[in-house]
Amino acid sequence: MRICRFSHGEEVSFGVLDNLDDQGEITDNSIIAILKGHPFGEPDPDGRVIAASAVKLLAPILPSKIIGIGKNYADHAAEMKSELPAEPLMFLKPSTAVIGPGEVITLPNQSSMVHHEAELAVVIGRFCKDVPRDRVSEVILGFTCANDVSARDVQESDVQWSRAKGFDTFCPLGPWIETDLDPSDLAVTAYVGDDLRQSGNTKNMIFSAVDLVSFVSHQMTLLPGDVILTGTPAGVGPIVSGDEVEVAIEGIGSLVNTVQRA
Ligand code: MG
């Protein structure tokens, strides 16, 4: 099931998206069954079905917090000239960094080197704490694409990463949440324009998505809608004003954003 969040007329709703084409794209035949209220638990449709082509997709979730994981692919740790972490390396991105598909990544004036980072994002579905690995599937709503946009020059000058990864618009999410997906073997790619920049696979994560949900839940309570970014494979690089950047993940879809200087 694909859960999307969208605006239609004066309303913002969650819905279940169906009838995509063979490439997983929305066409004139695609439909959305509108849900009552929130997307957690058993989906509760309100009876209305509308054309997906008539709505504007928004970020599929508004998390209370976004937990990032650094250096979770060996090839990316190598390109950053970093040691592999012995435990997941956590950081937080503010909720105010979230934007949706089609929205603009704004390059802040504090940075002259902003990078894309294509990542699988886990969306939490239940209030949870201290989740053992064998129960992680019970607390996951689904998966979406994320771009952990990072001001690399700021990251290198600060001791920690709140500023570098916390600017407004630095957490594109979308285009929707796929609820039926095994996260252990998925191609993760990033394109800037037609240029393939990142081509990885979640099977090369140091700590799996399941490991990460369990680990993070032992540090802090997770709330429905919280997002865990699972790290990026090699190939990170600059985005500049006028670029179009696409994060695509096998089994989910493609998240496209444009880039503008503030
Ligand atoms: Mg990252």
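Taken together, the residues in segment 185-224 that are open to solvent by 50 Å² or more (accessible area, probe 1.4 Å), of a type in the set (F, W, Y) and part of a loop (DSSP other than H, G, I, E, B) amount to 0.
Among the residues making up segment 47-75, those that are surrounded by fewer than 18 Cβ atoms within 10 Å (Cβ to Cβ), not in a strand (DSSP E or B) and not charged (D, E, K, R) are S53, A54, L62, S64, A74.
Among the residues of segment 131-147, the one identified as among the acidic types (D, E) and either touching a residue at least 40 places away in the same chain (Cβ under 8 Å) or within 21 Å of L62 (Cα to Cα) (or both) is E138. The set of residues in segment 157-182 being away from the ligand (no atom under 16 Å from the Cβ) and on the phi < 0 side of the Ramachandran plot consists of S157, V159, D168, P175, W176, I177, E178, T179, D180, L181, D182. Scanning segment 86-145 for residues that are open to solvent by 70 Å² or more (accessible area, probe 1.4 Å), away from the ligand (no atom under 16 Å from the Cβ) and in contact with a Lys or Arg (Cβ under 9 Å, 6 or more places away or on another chain) yields N109, Q110, E138. Taking segment 179-220 as the range and being under 25 Å from P101 (Cα atoms), in contact with a Ser or Thr (Cβ under 7 Å, 6 or more places away or on another chain) and not hydrophobic (A, V, I, L, M, F, W, C) as the test, the residues that pass are P183, S184, D185, T189, Q198, S199, T202.
All told, D180 meets the bar of being surrounded by fewer than 24 Cβ atoms within 10 Å (Cβ to Cβ), in contact (Cβ under 8 Å) with a residue 40 or more places away in the chain and of a type outside the set (A, V, I, L, M).
The values are calculated or read from the model by the stated rules, or taken from the named source; none is laboratory data. Here the structure is a predicted model, which means the values were calculated and not measured. Because the Cβ atoms are built from the backbone with ideal geometry, glycine has one as well, and the counts that use them run over all protein chains shown. Quick note on the areas: whole protein, heavy atoms, side chains included, nothing else; ligands and nucleic acids left out. Shrake-Rupley method; radii C 1.70, N 1.55, O 1.52, S 1.80 Å.
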